[in-house]
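To keep things clear, I will list the structure first and then write my remarks on it.
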Amino acid sequence: MENVEFLILRNLLHNEEYVRKVIPFIKGEYFEDIKQKVIFEEISKFVGEYNQPATKEILCIEIEKRSDINDSSFKDITDTVAALENDPADFDWLVNTTEKWCRDRAIYLALLESISLADGKDETQNRDAIPTILSDALSVSFDTHIGHDYLNDYEERYESYHRKEDKIEFDLEYFNKITKGGLPNKTLNIALAGTGVGKSLFMCHVASSVLLQGKNVLYITLEMAEEKIAERIDANLLNVAIQDITDLPKQMYESKVTNLAQKTQGTLIIKEYPTAAAHSGHFKALLQELALKKSFRPDIIFIDYLNICASSRYRGNSTVNSYSYIKAIAEELRGLAVETNLPIVSATQTTRSGYGSSDVELTDTSESFGLPATADLMFALISTEDLEGLNQILVKQLKNRYNDPTIFKRFVVGIDRAKMRLYDCEQSAQEDIIDSGHEEEYNYKENTKKSFSDFKFDK
C-alpha cells in the first residue's frame with residue numbers, strides 16, 4: 001500500500017487543479033524520505049517558475065543538475081519518479097487527506113523544535129517562542145477562499161452592504177460616532193497618551209462598559225498587577241472612589257459585586273504578565289487554556305499596553321532597532337485580532353515632545369511610526385491643566401479606517417479619575433472646540449444633519 005507522501009507526489013505530477021490548490025501549503029521539510037523530498041523540491045521549483053505542473057522527463061533532467069546527490073541516489077530518485085503513475089482519486093478526499101498530513105507533519109516538527117528549545121540547543125530562539133511554534137503548527141489549514149470575483153460575486157457583495165456587522169459598542173456617544181457604532185472584529189485599536197494621562201483608565205472604563213453589555217472581556221496587563229486593574233474596575237462598576245474601596249465593609253462590598261453579577265451575563269478575566277515578557281504567542285496559549293479550562297471565549301481583548309509587550313519574532317536581548325521591534329509587536333497583535341476574529345484595544349506612549357502637549361500628532365508616537373501604520377483606529381488622549389479643571393479629557397483622531405477622521409476630529413469626554421470613569425459631556429462642551437483648519441467640516445456636518453433631518457436610518 002502506497003503512503004500519503006507517494007500519493008501527494010503522484011498527484012502533483014498529474015493533477016493540475018490539485019497542484020494549484022495544495023502546493024502553497026506543502027513544505028519540503030514535511031517529507032521524511034530524502035528521495036521524496038528532492039522530488040517535491042523540484043516539482044515546487046518548476047511550478048513556481050513556469051506556473052504549470054512538471055513532467056517526469058523534466059524532473060529527471062532537473063534532478064540530474066543537483067550537486068547534492070550521488071549517482072546511486074540519482075538512480076533511486078529517478079526510479080521513484082518513474083513509479084509516479086497517473087491514478088485519479090476523489091478530489092475532495094485527496095485535498096482533505098493532504099491537509100491532515102500537512103498538519104500532522106507540522107505538529108510533529110514543531111514538537112521536535114520545541115524540545116530542542118526547551119533543552120537550550122537552539123541559539124537563535126529562546127523558550128518563549130515555543131507557544132508560537134506550537135500554535136502555528138496547530139493552525140495549519142488550506143484556505144478554501146480564493147478571492148472575491150468582482151463581477152460574479154455581486155449578490156454576496158450586495159448582501160454584505162446590508163448585513164449588520166458585529167461590533168463592540170462604546171457607552172460614549174462620540175466614540176460610537178467616529179467608529180460608526182463601535183469596534184469591528186479583526187481590528188487593532190490604539191490610544192496614544194503620555195504617562196498618567198489616562199491610557200489604563202480608558203481601557204478599564206471600556207472593559208467595564210463592555211462587561212455590562214453582557215459580553216466576555218479579557219484584560220491583559222503587563223504594567224500593573226491583576227489586583228490593581230481589578231481595583232480600578234471596582235471603582236468604575238461599583239460606583240466607589242478608588243481611595244475608598246479599602247474602607248468598604250466586606251458585607252457591603254460582597255453585596256455590590258453580587259448585584260453587579262446579576263446585571264450581566266458576561267465574564268471579565270484579568271491576566272498579568274511580567275513587563276516585556278509576553279508576546280502574541282503567550283496570548284494565543286492563554287486563549288486556548290481559557291477555552292479548555294473555563295469554556296471562556298472573549299468578545300474583546302485589552303492589552304495594557306503595547307510598548308511593553310515582547311515580540312515573538314525577536315529575542316528580548318536582540319539588537320534590532322526600536323522601530324522594527326515595536327512595529328513587529330503591532331503587526332503580531334493585529335494578526336492575533338484577525339486570527340481570533342476579535343477587536344483588540346491597546347495603548348502606546350507619546351514621545352517626550354508629545355508629553356504634556358496640548359496637541360498630539362502621529363509623529364508623537366513613541367519609538368515607532370510603524371505602529372500607526374498597522375492600527376485600524378488610533379487616537380490621542382490629551383490632558384491640560386484647563387481640561388483637568390473642567391474634569392474633561394480631549395480626544396483627537398489620528399487615524400481611522402472606519403470613518404472620515406476629519407469628522408469629529410476633536411471632541412471631549414468627561415473624566416472622573418476617582419471612580420475611573422469616562423462620561424459624555426454636554427453638547428456645549430463640544431461646540432467650544434475649534435480645530436484649526438477644520439471649521440468648515442463641522443459646519444458641514446451640522447448642515448448635513450439639518451438637511452436630512454426627515455430621513456431615518458437604521459442604527
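The values are calculated or read from the model by the stated rules, or taken from the named source; none is laboratory data. Predicted model, so just to flag it, every value in this text is computed and none were measured. Cβ sites come from the backbone with ideal geometry, for glycine too, and all protein chains shown count toward neighbours.
General remarks:
- Any hit, region 184-199, residues being among the hydroxyl-bearing types (Ser, Thr, Tyr), more than 28 Å from Thr384 (Cβ to Cβ) and either modelled with pLDDT under 90 or not assigned by TED's automatic domain parsing to the domain that holds Glu231 (or both): no
- Matching option when the condition is of a type in the set (S, T, N, Q), exposed (fewer than 15 other Cβ atoms within 10 Å of the Cβ) and closer than 26 Å to Asp424 by Cβ, among Gln213, Gln265: Gln265
- Boolean, Glu29 is assigned by TED's automatic domain parsing to the domain that holds Leu134, under 23 Å from Ile133 (Cα atoms) and among the acidic types (Asp, Glu): yes
- Restricted to region 169-198, and to residues there that are in a helix (DSSP H, G or I) and not polar (S, T, N, Q), the residue that is surrounded by the most Cβ atoms within 10 Å (Cβ to Cβ) is Phe175.
- Of the residues making up region 1-57, those that are surrounded by 13 or more Cβ atoms within 10 Å (Cβ to Cβ), free of Cβ contacts under 8 Å to residues at least 60 places away in the same chain and closer than 14 Å to Asp87 by Cα are Leu12, Glu16.
- Qualifying residues in region 94-119 (those that are hydroxyl-bearing (Ser, Thr, Tyr) and buried (at least 17 other Cβ atoms within 10 Å of the Cβ)) - the one farthest from Pro131 (Cα to Cα): Thr98
- Of all the criteria given as (1) in contact (Cβ under 8 Å) with a residue 60 or more places away in the chain; (2) more than 30 Å from Ala278 (Cα to Cα), the one not satisfied by Asn152 is (1).
- Here Leu201, Leu218 are screened, and the one residue that is surrounded by 17 or more Cβ atoms within 10 Å (Cβ to Cβ), touching a Phe, Trp or Tyr at 6+ places or on another chain (Cβ under 8 Å) and not β-branched (Val, Ile, Thr) is Leu218.
- Across region 411-449, the number of residues qualifying as modelled with pLDDT of 80 or more, closer than 22 Å to Leu398 by Cβ and charged (D, E, K, R) comes to 1.
- Counted residues, region 78-93 - those being surrounded by 13 or more Cβ atoms within 10 Å (Cβ to Cβ) and part of a loop (DSSP other than H, G, I, E, B): 2
- Matching option when the condition is farther than 30 Å from Ala137 by Cα and touching a residue at least 40 places away in the same chain (Cβ under 8 Å), among Asp87, Asp79, Asp71: Asp87
Table: residues versus (1) under 23 Å from His205 (Cβ atoms); (2) of a type in the set (S, T, N, Q); (3) buried (at least 21 other Cβ atoms within 10 Å of the Cβ).
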position	(1), (2), (3)
Ile269	yes, no, no
Thr275	yes, yes, no
Ser280	no, yes, yes
Lys284	no, no, yes
Leu287	no, no, no
Lys294	no, no, no
Ile303	yes, no, yes
Leu306	yes, no, yes
Ala310	no, no, yes
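- Verdict on Ala118 being at pLDDT 80 or above and either more than 25 Å from Leu333 (Cα to Cα) or touching a helix residue (DSSP H, G or I) at 6+ places or on another chain (Cβ under 7 Å) (or both): yes
- Residues in region 209-268 that are hydrophobic (A, V, I, L, M, F, W, C) and not in a helix (DSSP H, G or I): Val217, Leu218, Ile220, Leu222, Met224, Ala225, Val240, Ala241, Leu248, Leu268.
- Among the residues of region 94-128, those identified as among the β-branched types (Val, Ile, Thr) and either touching a strand residue (DSSP E or B) at 6+ places or on another chain (Cβ under 6 Å) or part of a helix (DSSP H, G or I) (or both) are Val95, Thr97, Thr98, Ile107, Ile115.
- Candidates are the residues of region 371-406 that are touching an Asp or Glu at 6+ places or on another chain (Cβ under 8 Å) and under 24 Å from Ile242 (Cβ atoms); the one that is surrounded by the fewest Cβ atoms within 10 Å (Cβ to Cβ) is Asn391.
- Note on region 407-432: among residues that are of a type in the set (A, V, I, L, M, F, W, C) and in a strand (DSSP E or B), the one that is surrounded by the fewest Cβ atoms within 10 Å (Cβ to Cβ) is Val412.
- Residue in region 40-48 that is part of a loop (DSSP other than H, G, I, E, B) and not aromatic (Phe, Trp, Tyr) present: no
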